[in-house]
Amino acid sequence: MALLDILEYPDPRLRTVAKPVATVDERIRTLASDMLDTMYDAPGIGLAASQVNVHERVIVVDISEEQDEPHVFVNPDYEKLGDDIEYQEGCLSVPGYYEKVSRSDKIRVKALNLDGETFELVAEDLLAICIQHEIDHLDGKLFVDYLSNLKRTRIRKKLEKQHKQMAS
Ligand code: ZN
């Protein structure tokens, strides 16, 4: 089991647009396994490689209470099938803050699995929201980007202050 360090907002590395994975090999399988360990330890229900400073298109998600339904998506892409709903979101890179964000409540995801095979999944509700949130990370986007400037600035300043206190 390996735990990876999670970058926190407003770390500029979170704004990096991740590159597609060229080959799903042992390196990617190890990355996905370490990401799941890190996510479960946090604990969280989703993690994108961008958050652990690896800028390749890999996300992991598990919304089960028992932490026994891991999903790994390599090079994920999705189309919206549902209506937009508002849901209170949090993020391991924005610890302690929860705000309402509007996203589609049903999506079709296409991705590679850890054997490098293409698969499709229709996801609804929390699973759909979580996947959209994680794919945003791969594009350098955070849930705070959907908030008002005022709210986003308030969160950024508070986290910057915390980071300074931790460093001193
Ligand atoms: Zn997040």
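The values are calculated or read from the model by the stated rules, or taken from the named source; none is laboratory data. All of these numbers come straight from a predicted model, not from anything done at the bench. Neighbour counts are summed over all protein chains in view; Cβ atoms, including those assigned to glycine, are modelled from backbone coordinates with ideal geometry. Protein only, heavy atoms only, side chains kept; ligands, DNA and RNA dropped before computing areas. Shrake-Rupley method; radii C 1.70, N 1.55, O 1.52, S 1.80 Å.
Of 100/164; 106/158; 110/158, which pairs sit farther than 29 Å apart, going by alpha carbon to alpha carbon?
Table pairs above 29 Å Cα-Cα are 106/158; 110/158.
If each residue of separation counts as 0.36 nm, what is the full-extension length gain between residue 108 and residue 25 once their alpha-carbon separation is subtracted?
Gain in length upon complete extension: 27.4 nm.
What accessible area per residue, rounded to a whole number of Å², is obtained for the stretch 109-160 using a probe radius of 1.4 Å?
On a per-residue basis, 48 Å².
Classify the chain as rounded, prolate or oblate from the Cα gyration tensor: take a ≥ b ≥ c as the square roots of its eigenvalues, call it rounded if a/c is under 1.5, otherwise prolate when a/b beats b/c and oblate if not.
Oblate, because a/c is 1.5 or more while a/b does not exceed b/c.
Starting with the highest mean, order 152-160, 70-78 by the number of other Cβ atoms within 10 Å, averaged over the residues of each peptide.
With the highest mean Cβ count within 10 Å placed first, the list reads 70-78, 152-160.
Roughly what would the spin-label model give for residue 146 and residue 66, points 7 Å off Cα along C-beta, in nm?
Placing both labels 7 Å along Cα→Cβ, they lie 3.0 nm apart.
Rounded to the nearest 20 debye, what is the charge dipole size of the stretch 1-131 about its Cα centre when +1 sits on each Lys and Arg Cβ and -1 on each Asp and Glu Cβ?
For the stretch 1-131, the charge dipole is close to 640 debye.
Report, to the nearest whole %, how much of the accessible area of the chain belongs to carbon and sulfur atoms, 1.4 Å probe, protein only.
47 percent
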